[in-house]
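S.K.: To start, I am sharing the structure in question, which I have written as structure tokens.
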Amino acid sequence: MTRQIVLDTETTGLDPALGHRVIEIGALEIVNRQACGATYHVYLNPDREIDAGAVAVHGLTHEFLADKPRFADIAQDFLEFVRGAELVIHNAPFDVGFLNAELARLDEGPVKRHCTVLDTLKLAKEMHPGQKNNLDALCRRYEVDNSGRAFHGALLDAQLLAEVYLAMTRGQESLGIDIATPAQTQAATLVRRGPLTVLRADAAENAAHAAYLVGLSKECAEVLPW
């Protein structure tokens, strides 16, 4: 029997080394390539503020999480759910790094003491080099309906990733690289005439950029060295 747990987290920010915490865990079980209906989902009180850029991505606020359990309260239930399985995670270093930090506070040892890990972002880059391989792009490529993904949500993203992963590993999809059309190539060409005008971003644009970076960090392999 092959048991896999497709997992995603949401966090208060980008770096657990700076004290950022896990605030949502969503996971579902796949046995022998079949989703069996078992899921794990919890919101967590991080005992700290949440970066504005992170809130813009997942919509979880300090007020909403104030009455939720802390990671220490659910750690054993979580470990029991994942123990002995292969975790399937998109950009695994990000989520595993945060989970390792939470487990270290409880002297439980790192994630890989309890289970193995498969990084679907790494797999997607090997299968589709030179293409976008974030979760939204993979949903489009494998025709997985992600129309309900207004915000990042751990359980929803785990469910979408499960469908994407099963499609990716079915062995029937093309591994070709998208070729830009002449029109796209021409549109991407930058033509400069005369001196450049420097436009400074305003406060709203800076906030939007911060939100973008939080989302990007969840999808990019070169985030943190865990």
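The values are calculated or read from the model by the stated rules, or taken from the named source; none is laboratory data. Small disclaimer: the values here were computed from a predicted structure and weren't measured. Cβ atoms come from the backbone with ideal geometry, glycine included; neighbour counts cover every protein chain shown.
S.K.: In the stretch 105-119, which residue that is touching a strand residue (DSSP E or B) at 6+ places or on another chain (Cβ under 8 Å) and not aliphatic (A, V, I, L, M) is surrounded by the fewest Cβ atoms within 10 Å (Cβ to Cβ)?
M.R.: Residues of the stretch 105-119 touching a strand residue (DSSP E or B) at 6+ places or on another chain (Cβ under 8 Å): 111, 115-119.
Subset that is not aliphatic (A, V, I, L, M): 115-116, 119.
On the way: Cys115: 18, Thr116: 12, Asp119: 19.
Per the stated criteria, the residue is Thr116.
S.K.: Helices (runs of 4 or more DSSP H) wholly in the stretch 43-104 with at least 3 residues that are among the hydrophobic types (A, V, I, L, M, F, W, C) and either in contact with a strand residue (DSSP E or B) (Cβ under 7 Å, 6 or more places away or on another chain) or at pLDDT below 95 (or both) - which ones?
M.R.: Details: elements: 52-58, 62-65, 71-82.
Counting at least 3 such residues, we get 52-58, 71-82.
S.K.: Taking Lys122, is it in contact (Cβ under 8 Å) with a residue 40 or more places away in the chain and either surrounded by fewer than 17 Cβ atoms within 10 Å (Cβ to Cβ) or over 18 Å from Ile23 (Cα atoms) (or both)?
M.R.: On the way: in contact (Cβ under 8 Å) with a residue 40 or more places away in the chain: yes; either surrounded by fewer than 17 Cβ atoms within 10 Å (Cβ to Cβ) or over 18 Å from Ile23 (Cα atoms) (or both): yes.
For Lys122, the condition - in contact (Cβ under 8 Å) with a residue 40 or more places away in the chain and either surrounded by fewer than 17 Cβ atoms within 10 Å (Cβ to Cβ) or over 18 Å from Ile23 (Cα atoms) (or both) - is met.
S.K.: If you take the residues of the stretch 4-21 that are closer than 14 Å to Gly97 by Cα and under 12 Å from the mean Cα position of the chain (by Cα), which of them is surrounded by the most Cβ atoms within 10 Å (Cβ to Cβ)? Give the derivation first.
M.R.: Quick first cut of the stretch 4-21, residues closer than 14 Å to Gly97 by Cα only: 7-21.
Those left that are additionally under 12 Å from the mean Cα position of the chain (by Cα): 7-11, 14.
Working: Leu7: 31, Asp8: 27, Thr9: 26, Glu10: 27, Thr11: 29, Leu14: 20.
Ranking the candidates gives Leu7 first.
S.K.: Which number in (1) modelled with pLDDT of 95 or more; (2) surrounded by 11 or more Cβ atoms within 10 Å (Cβ to Cβ) marks the one condition that Phe151 misses?
M.R.: (1)
S.K.: Does the stretch 10-19 include one or more residues that are touching an Asp or Glu at 6+ places or on another chain (Cβ under 7 Å), part of a strand (DSSP E or B), under 17 Å from Leu160 (Cβ atoms) and not aromatic (Phe, Trp, Tyr)? Before the answer, list the steps.
M.R.: Filtering the stretch 10-19 for residues touching an Asp or Glu at 6+ places or on another chain (Cβ under 7 Å) gives 10, 12-13.
Now narrow it down to the ones that are part of a strand (DSSP E or B): 10.
Then keep just the ones that are under 17 Å from Leu160 (Cβ atoms); that gives 10.
Narrowing the set further to residues that are not aromatic (Phe, Trp, Tyr) leaves 10.
Checked the stretch 10-19: at least one residue is touching an Asp or Glu at 6+ places or on another chain (Cβ under 7 Å), part of a strand (DSSP E or B), under 17 Å from Leu160 (Cβ atoms) and not aromatic (Phe, Trp, Tyr).
S.K.: On to the next question. Can you tell me which residue is surrounded by the fewest Cβ atoms within 10 Å (Cβ to Cβ) among those in the stretch 61-100 that are β-branched (Val, Ile, Thr) and touching a residue at least 12 places away in the same chain (Cβ under 8 Å)?
M.R.: We begin by selecting, within the stretch 61-100, every residue β-branched (Val, Ile, Thr); these are 61, 74, 82, 88-89, 96.
Now narrow it down to the ones that are touching a residue at least 12 places away in the same chain (Cβ under 8 Å): 74, 82, 88-89, 96.
Values: Ile74: 18, Val82: 20, Val88: 27, Ile89: 26, Val96: 21.
Among residues in the stretch 61-100 that are β-branched (Val, Ile, Thr) and touching a residue at least 12 places away in the same chain (Cβ under 8 Å), the one surrounded by the fewest Cβ atoms within 10 Å (Cβ to Cβ) is Ile74.
S.K.: In the stretch 67-86, what residues are closer than 17 Å to Asp8 by Cβ and in contact with a Lys or Arg (Cβ under 9 Å, 6 or more places away or on another chain)?
M.R.: Within the stretch 67-86, Phe71, Ala85, Glu86 qualify.
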